[in-house]
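Remarks on the structure that follows.
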């Protein structure tokens, strides 16, 4: 499957600061999905991007798919303590099986 | 709908023991998956199924077996537990390329 690499591995921010995580691939991706996993919880679907250059927003979260469809980013504006967790990008191949990145763990301190 | 359910939530096994991790979904999804998640890592696909009676290997199938006799159930079998199988196991089902995860089973092999 197509490998996706995520950076950074960890990020510690003060509440109110912005946060960005990046997902990169050496090959063109058919789509990118983003998931959030709270500590001790299970991954929860956030969004899917399929079009080159696509940008989608969910309240304080902005998701972007690169023009070449080889990278994606998730940006959180003015983080809150409820944003704590690990954010994974993943891409699906035939059969809908997902290839996950290793995730970016976000810690937000008040 | 209960979504995707998994039992047990937590289990300790001795080396060489066997057990079955149960997974069920009530959303009538054809595609189901088993992942394992090791600390600080993303999810790795163990097995998946595209419908009742059809299963296929994922990235890390060794030491595991699955069956899919009904659309609802997708049990994962460990025949001879090894310490390397200590992990968190997630079952998931798919609808329109979005994966819905169960709460997970934490397995410790000693």
Quiz item: Quick one: how many residues across the stretch B:18-55 are out of contact with any strand residue (DSSP E or B) (no Cβ under 8 Å at 6 or more places or on another chain) and closer than 13 Å to residue B:85 by Cα?
Solution: 1
Quiz item: Which residues, counting only those in the stretch A:60-88, are in contact (Cβ under 8 Å) with a residue 60 or more places away in the chain, in a strand (DSSP E or B) and more than 9 Å from chain B (Cβ to nearest Cβ)?
Solution: A:87
Quiz item: Which members of the stretch A:23-34 meet the condition of being without any contact (Cβ under 8 Å) to a residue 60 or more places away in the chain and within 18 Å of residue A:86 (Cβ to Cβ)?
Solution: A:24, A:32, A:34
Quiz item: Which of the residues spanning the stretch B:75-110 are away from every other protein chain (no Cβ under 14 Å) and over 24 Å from residue B:50 (Cα atoms)?
Solution: B:80, B:81, B:82, B:83, B:84, B:85, B:86, B:107, B:108, B:109, B:110
Self-check item: Single condition residue A:6 does not satisfy, out of (1) within 14 Å of chain B (Cβ to nearest Cβ); (2) surrounded by 15 or more Cβ atoms within 10 Å (Cβ to Cβ); (3) farther than 27 Å from residue B:104 by Cβ
Solution: (3)
Exercise. Mind counting the residues in the stretch A:89-110 that are assigned to a strand (DSSP E or B) and surrounded by 18 or more Cβ atoms within 10 Å (Cβ to Cβ)?
Key: 11
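Considering only residues of the stretch B:1-44 that are without any contact (Cβ under 8 Å) to a residue 24 or more places away in the chain and surrounded by fewer than 12 Cβ atoms within 10 Å (Cβ to Cβ), which is farthest from residue A:36 (Cα to Cα)?
B:39
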Practice problem: Being in contact with a strand residue (DSSP E or B) (Cβ under 8 Å, 6 or more places away or on another chain) and without any contact (Cβ under 8 Å) to a residue 24 or more places away in the chain is the filter; apply it to the stretch A:89-106 and report the residue that is farthest from residue A:5 (Cα to Cα). | Solution: A:95
Quiz item: Given the conditions (1) over 17 Å from residue B:30 (Cα atoms); (2) more than 11 Å from every other protein chain (Cβ to nearest Cβ), which single one is not true for residue B:67?
Solution: (1)
Self-check item: Where residue B:17 falls short, out of the listed (1) more than 13 Å from the chain's Cα centre (by Cα); (2) part of a strand (DSSP E or B)
Solution: (2)
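Coordinate-derived values only; no laboratory data. Since the model is a prediction, treat every value here as computed from it, not as a measurement. As a convention, Cβ positions derive from the backbone with ideal geometry for all residues, glycine included, and neighbour counts pool all protein chains shown.
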